[in-house]
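Beneath this line is the structure, given in structure tokens, with notes to follow.
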Amino acid sequence: MEMIRKKISLKTALLFVMVWLLLASISLGYWPVNRSEGEIATITHELYGFSIDYPTKWKIDTYGENGYRGNDDLKLQIYRTTLNNFAIFIYQTCATEATLQDVHSWRMKPITRLNREEFTYSRISYDEDELNGYPIIRHIYIINDTKFEEVYIARSDDMLSIRLQAPIEDFDSYLEEFDALVASFRSLE
């Protein structure tokens, strides 16, 4: 009888651990959760005065004044799973009458601090454009095996950057949805 109790206890413990791991993997984004392809939702970040549309198949997190884990400028993150290298970030910082060059300088500071022996930066393009009445700059670059596109926006009282990052081999597969997300950007000011 005692042996049966141990087997039941062991089976119960294993079942508990398996259910816990399954729930943890789903909540952390390691396990795929079926979301409808093509569904679009709008997220409004009242604190920083903007809204965007994004595919609901991706996860989204917004952050307040302290940003995310010490990155005070990170205000919004869109991603598939925490293990995937694809992500879209929106960065914001206060500035009065900033220019697009000011936005570029602000966003390049972390890159210029990289150890050049470990990281290689190469610019692909740097083009001026317009987005919903705002002049913008689209900056595409590569650091090691990751490709980035940043859209720089200067507003009257702050600076914004919308950044796509993905492994070089996957980058182009996200461009259409990134461009739609950028086109949906609306300033609330």
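So which of E128, E169 is free of Cβ contacts under 8 Å to residues at least 40 places away in the same chain, in the same structural domain as K75 (by TED's automatic domain parsing) and part of a strand (DSSP E or B)? Give the steps one after another, and end with the answer.
Working: E169 fails: part of a strand (DSSP E or B).
One residue alone meets the criteria, E128.
Scanning segment 140-166 for residues that are under 21 Å from A183 (Cα atoms), touching a residue at least 24 places away in the same chain (Cβ under 8 Å) and under 16 Å from the mean Cα position of the chain (by Cα) gives K147, E149, E150, V151, Y152, L160, S161, I162, R163, L164, Q165, A166.
The residue of segment 143-158 that is farthest from S187 (Cα to Cα), among those that are hydrophobic (A, V, I, L, M, F, W, C) and in contact with a Phe, Trp or Tyr (Cβ under 6 Å, 6 or more places away or on another chain), is I143.
For L100, indicate whether it is touching a strand residue (DSSP E or B) at 6+ places or on another chain (Cβ under 6 Å), in the same structural domain as W58 (by TED's automatic domain parsing) and of a type in the set (A, V, I, L, M). Explain how you work it out, then say what you get.
Numbers: touching a strand residue (DSSP E or B) at 6+ places or on another chain (Cβ under 6 Å): yes; in the same structural domain as W58 (by TED's automatic domain parsing): yes; of a type in the set (A, V, I, L, M): yes.
Against the criterion (touching a strand residue (DSSP E or B) at 6+ places or on another chain (Cβ under 6 Å), in the same structural domain as W58 (by TED's automatic domain parsing) and of a type in the set (A, V, I, L, M)), L100 qualifies.
Residues being hydroxyl-bearing (S, T, Y), within 22 Å of S173 (Cβ to Cβ) and either surrounded by 12 or more Cβ atoms within 10 Å (Cβ to Cβ) or in contact with a Gly (Cβ under 9 Å, 6 or more places away or on another chain) (or both) are entirely absent from segment 129-138. Filtered by the rule that a residue be under 19 Å from the mean Cα position of the chain (by Cα) and free of Cβ contacts under 8 Å to residues at least 24 places away in the same chain, segment 85-118 gives M108, K109, P110. There is at least one residue in segment 133-143 that is hydrophobic (A, V, I, L, M, F, W, C) and in contact with a helix residue (DSSP H, G or I) (Cβ under 6 Å, 6 or more places away or on another chain). Residues of segment 172-189 that are surrounded by fewer than 14 Cβ atoms within 10 Å (Cβ to Cβ) and assigned to a loop (DSSP other than H, G, I, E, B): L188, E189.
The values are calculated or read from the model by the stated rules, or taken from the named source; none is laboratory data. None of the values given here were measured: they were computed from a predicted structure. Please note: Cβ atoms are built from the backbone with ideal geometry, for glycine as well, and neighbour counts cover all protein chains shown.
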